[in-house]
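Here's the structure we're looking at; comments come further down.
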Amino acid sequence: MNAGLIGIGKYVPPHILTNADLEKRMDTSDEWIRTMTGIQERRIADDSIDSSHMAYNAAADAIKDAGIKPEEIGLILVATVTPDQPFPSVSAMIQDQLGAKNAAAMDISAACSGYMYGIVTAKQFVESGTYDYVLVVGVEKLSKITDWEDRNTAVLFGDGAGAAVIGKVSEGRGVLSFELGADGSGGKYLYQDEKLIMNGREVFKFAVRQMGQSAINVIEKAGLTKEDVDFLIPHQANIRIMESARQRLDLPVEKMSKTVHKYGNTSSASIPISLFDDVAEGKVKDDDVIVLVGFGGGLTWGALCIKWGR
Ligand code: UT7
């Protein structure tokens, strides 16, 4: 019996910050941002929208899509590095707001790989029979830890949330394989010291190396080959990094998810937001083999090979 994603949801705040808006605030250009990252605009949450608000909205949609009641959820996992406050956790806050009165709740801190860590943890609880349903949310309000004086990082990030309900799926479908990893020696390349600090070059090199390799690893662990893959959803950090993963799998452009141009890098929310849009647009269909792969601060990484469908 495999666990899989039986319902998905997404929330992005309404306010759009374009590259042209950034040109007015700092020494940058639309040309540089597009060429170097693929980003054209991103969503920014205003003061009235915190991470719990975004997480709640994405989660409520995922629960509705799954066709279950909030009381049936056994565990809520929220992947975030930008919670409303250190505690109570975002997961406990939305447990109350959703009316998920039978759910335990905890947050996961694995930066941009957090959603991967959440899905893999949820899978263990569902496949062991401990919980029927686990809610996993990736949410970030990166705008509140962005150093708006630092053009090296300020142009990259955006806010948003994506969610999934994990439950049992029919024979052959669901999460076929996974890989999680960490290398704490690289923590110095991407961290928060009040504001977000990054050595872009080092993270770039790590990402190019790790994304392709993790994707290959989960395909092999699932007993499949590159030719079996229908769609790739890489963490939406930078189009050049995403392209390197796509080329490693020999996939055509249309078989890779791309939302980085409209949302920027939303960290733990980027993969679930992309998955939501890809399913909505019919790019991911029942029985497709999809590979999700992410990397981020820690350093951490994670990948999943999924046969889509309930
Ligand atoms: O979720 C994980 C989070 N992080 C990432 O995925 C980031 C990974 N890294 C990257 O995506 C890339 O390193 C960046 C897009 C951030 C930067 O690209 P790069 O090829 O590593 O460029 P660089 O940092 O070496 O900068 C090249 C030039 C520099 O100018 P000089 O020294 O060559 O004159 C920078 O000062 O580009 C300049 N630059 C900018 N110019 C205009 C840096 N940021 C900007 C900017 N606008 N926003």
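The values are calculated or read from the model by the stated rules, or taken from the named source; none is laboratory data. As the structure is a prediction and not an experimental result, all values here were calculated from the model. All Cβ positions, glycine included, derive from the backbone under ideal geometry; neighbour counts span all protein chains shown. In case anyone asks, the SASA skips ligands and DNA or RNA and just uses the protein heavy atoms, side chains included. Shrake-Rupley method; radii C 1.70, N 1.55, O 1.52, S 1.80 Å.
Taking I290 as the residue in question, decide whether it is touching a residue at least 40 places away in the same chain (Cβ under 8 Å), open to solvent by 10 Å² or more (accessible area, probe 1.4 Å) and aliphatic (A, V, I, L, M). Outline the logic, then answer.
Details: touching a residue at least 40 places away in the same chain (Cβ under 8 Å): yes; open to solvent by 10 Å² or more (accessible area, probe 1.4 Å): no; aliphatic (A, V, I, L, M): yes.
In short, no.
Kindly check whether there is at least one residue in the range 132-142 that is touching a residue at least 40 places away in the same chain (Cβ under 8 Å), open to solvent by less than 20 Å² (accessible area, probe 1.4 Å), in contact with a Lys or Arg (Cβ under 7 Å, 6 or more places away or on another chain) and farther than 26 Å from Q192 by Cβ. So that I can check it myself, show each step before the final result.
Looking only at the range 132-142, we keep the residues that are touching a residue at least 40 places away in the same chain (Cβ under 8 Å), and these are 132-142.
Restricting the remaining residues to those that are open to solvent by less than 20 Å² (accessible area, probe 1.4 Å) gives 134-142.
Next, from what is left, pick out any that are in contact with a Lys or Arg (Cβ under 7 Å, 6 or more places away or on another chain): none.
No, the conditions are met nowhere in the range 132-142.
Does Q236 satisfy being modelled with pLDDT of 95 or more and in contact with a helix residue (DSSP H, G or I) (Cβ under 6 Å, 6 or more places away or on another chain)? Steps first, please.
Values: modelled with pLDDT of 95 or more: yes; in contact with a helix residue (DSSP H, G or I) (Cβ under 6 Å, 6 or more places away or on another chain): yes.
Judged against the criteria, Q236 is a match.
Just the residues that are within 23 Å of H53 (Cα to Cα) and among the hydrophobic types (A, V, I, L, M, F, W, C), please, taken from the range 155-168.
Taking the range 155-168 first, the residues within 23 Å of H53 (Cα to Cα) are 156-166.
Correct list: L156, F157, A161, A163, A164, V165, I166.
Looking at (1) within 16 Å of the ligand (Cβ to nearest atom); (2) free of Cβ contacts under 8 Å to residues at least 12 places away in the same chain; (3) not small (G, A, S), which is the only condition F87 fails?
(1)
Please state which of the following conditions A163 fails to meet, knowing it meets all the rest: (1) outside the structural domain of V279 (by TED's automatic domain parsing); (2) part of a helix (DSSP H, G or I).
(2)
For the range 255-310, which residues satisfy the criterion of being of a type in the set (V, I, T) and within 30 Å of D193 (Cα to Cα)? Steps first, answer last, please.
Filtering the range 255-310 down to residues of a type in the set (V, I, T) leaves 259-260, 266, 271, 273, 279, 284, 289-291, 293, 300, 306.
Hits for the range 255-310 are T259, V260, T266, I271, I273, V293, T300.
Are any residues in the range 274-303 of a type in the set (A, V, I, L, M, F, W, C) and out of contact with any helix residue (DSSP H, G or I) (no Cβ under 6 Å at 6 or more places or on another chain), and if so, which ones? Please lay out each step first, then the result.
So the first thing to find is which residues in the range 274-303 are of a type in the set (A, V, I, L, M, F, W, C), and the list is 275-276, 279-280, 284, 289-293, 295, 299, 301, 303.
Listed by number, the residues that qualify are L275, F276, V279, A280, I290.
Which residues, taken from the range 219-255, are crowded, with 20+ Cβ neighbours inside 10 Å, within 30 Å of P13 (Cα to Cα) and more than 16 Å from the ligand (Cβ to nearest atom)?
F231, L232
Name, by its number, the condition in (1) under 19 Å from A182 (Cα atoms); (2) open to solvent by less than 10 Å² (accessible area, probe 1.4 Å); (3) within 16 Å of the ligand (Cβ to nearest atom) that does not hold for R209.
(2)
All but one of (1) over 23 Å from G296 (Cβ atoms); (2) in contact with a Leu (Cβ under 6 Å, 6 or more places away or on another chain) hold for V136; state the number of the condition that does not hold.
Among (1) over 23 Å from G296 (Cβ atoms); (2) in contact with a Leu (Cβ under 6 Å, 6 or more places away or on another chain), the lone unmet condition for V136 is (1).
Assuming F178 fulfils every condition listed in (1) open to solvent by 30 Å² or more (accessible area, probe 1.4 Å); (2) outside any helix (DSSP H, G or I); (3) within 11 Å of the ligand (Cβ to nearest atom) apart from one, which condition is it?
Going through (1) open to solvent by 30 Å² or more (accessible area, probe 1.4 Å); (2) outside any helix (DSSP H, G or I); (3) within 11 Å of the ligand (Cβ to nearest atom) one by one, F178 breaks only (3).
With (1) within 16 Å of L304 (Cβ to Cβ); (2) open to solvent by 10 Å² or more (accessible area, probe 1.4 Å) as the list, and K168 as the residue in question, which single condition is left unmet?
(1)
Does the range 143-152 hold any residues that are out of contact with any Lys or Arg (no Cβ under 7 Å at 6 or more places or on another chain) and of a type in the set (D, E), and which are they?
E149, D150
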